[in-house]
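J.: Sharing a structure below in structure tokens format, with a few things to ask.
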Amino acid sequence: MNTVLFDLDGTLLPIENKVFFHEYMTKIAKKFAQLGYEPDRFTKALLAGTDAMISNDGQMKNEERFWQVFSTLLDNKIRDYESEFNAFYQNEFNEIRKAAKPNPFAQKCIQILKKKGYSIVAATNPVFPSIATKQRINWAELNADDFTLITTYENSNFCKPNLYYYRMILSQLGRDASDCLMVGNDVDEDMCAAEIGMQTYLLSDFVINPSMKDISRVPQGSFDDLYQYFLTLPKAEPVI
């Protein structure tokens, strides 16, 4: 093994998904209401664009898929306001940070893996632009430079739980599935990586298991447990 993939929300970034989602939707709709967009219509178009990324078939980047659907449902001029989106993610979006509770073991895990030479991937569902994803990494009190790859809507053609999302990461890094460990808190979206041969670790602190799958045989534990496991790892195997 030489590569560890981490989910972000609920894993590296302890945050209640419902709180995050509500705050995000409320704030971005308010931002664009100032530009004349009715909040309910704006929100529905945003959700439709997000759903389009989740079901993306790989024919285009998630970024283009989002804007294709979003602008069709809202209006074709909305992309002229892309700078306003960036401003939102630099400013109002950061107010949501107060809902996050950084876990010191996240930092410890990243540092011990770096010391041992492992490649580290922020394998967060790529439905946000890079600017927003890097902000959330900062909320976790981590540094974006610590990651070999951060999946965002600009560099991804698929989303979780599509297994091609994980195959895309392997292709971009030049890794085999057996080289990798996927760490996450979502049984459906993260643990499915085992289906293509990755090792997996279910973080028990914020488990999401909507399908009520049997997880009794899934390697799992707290962030403290995960850190103790990383301490036992040898130096990373070289990439051939």
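J.: How many residues, within segment 218-234, are without any contact (Cβ under 8 Å) to a residue 12 or more places away in the chain and of a type in the set (Val, Ile, Thr)?
T.: 1
J.: Among the listed residues Thr43, Thr72, Thr26, Thr11, which satisfies the condition of being more than 15 Å from Phe128 (Cβ to Cβ) and in the same structural domain as Cys180 (by TED's automatic domain parsing)?
T.: Going through Thr43, Thr72, Thr26, Thr11 in turn, the sole match is Thr11.
J.: Looking only at helices (runs of 4 or more DSSP H) that lie completely in segment 1-95, which have at least 3 residues being of a type in the set (D, E, K, R) and out of contact with any Lys or Arg (no Cβ under 6 Å at 6 or more places or on another chain)?
T.: 17-33, 39-54, 62-73
J.: Looking at segment 95-130, which of its residues are surrounded by fewer than 16 Cβ atoms within 10 Å (Cβ to Cβ) and either within 14 Å of Ile28 (Cα to Cα) or of a type in the set (Asp, Glu) (or both)?
T.: The one that is surrounded by fewer than 16 Cβ atoms within 10 Å (Cβ to Cβ) and either within 14 Å of Ile28 (Cα to Cα) or of a type in the set (Asp, Glu) (or both): Glu95.
J.: How many residues are without any contact (Cβ under 8 Å) to a residue 12 or more places away in the chain and more than 30 Å from Tyr229 (Cβ to Cβ) if we restrict to segment 88-112?
T.: Counting residues in segment 88-112 that are without any contact (Cβ under 8 Å) to a residue 12 or more places away in the chain and more than 30 Å from Tyr229 (Cβ to Cβ) gives 2.
J.: Condition check: outside any loop (DSSP other than H, G, I, E, B) and closer than 24 Å to Thr3 by Cα. Does Arg136 satisfy that?
T.: Answer is yes for this residue.
J.: When you scan segment 174-184, do you find a residue that is on the phi > 0 side of the Ramachandran plot and part of a loop (DSSP other than H, G, I, E, B), even just one?
T.: Restricting attention to segment 174-184, the residues satisfying the condition of being on the phi > 0 side of the Ramachandran plot are 174.
Keeping just the survivors that are part of a loop (DSSP other than H, G, I, E, B) gives 174.
Yes, the conditions are met somewhere in segment 174-184.
J.: Next question. Quick check on my filter: what residues within segment 200-217 are over 18 Å from the mean Cα position of the chain (by Cα) and surrounded by 14 or more Cβ atoms within 10 Å (Cβ to Cβ)?
T.: The one that is over 18 Å from the mean Cα position of the chain (by Cα) and surrounded by 14 or more Cβ atoms within 10 Å (Cβ to Cβ): Ile215.
J.: Which pairs have Cβ atoms under 7 Å, sit 6 or more apart or on different chains, and link a residue in segment 113-135 that is under 23 Å from Ile96 (Cβ atoms) and without any contact (Cβ under 8 Å) to a residue 40 or more places away in the chain to one that is β-branched (Val, Ile, Thr) and outside any strand (DSSP E or B)?
T.: Phe128/Thr152; Ser130/Thr152
The values are calculated or read from the model by the stated rules, or taken from the named source; none is laboratory data. In this text, all values refer to a predicted model and were calculated from it rather than measured experimentally. All Cβ positions, glycine included, derive from the backbone under ideal geometry; neighbour counts span all protein chains shown.
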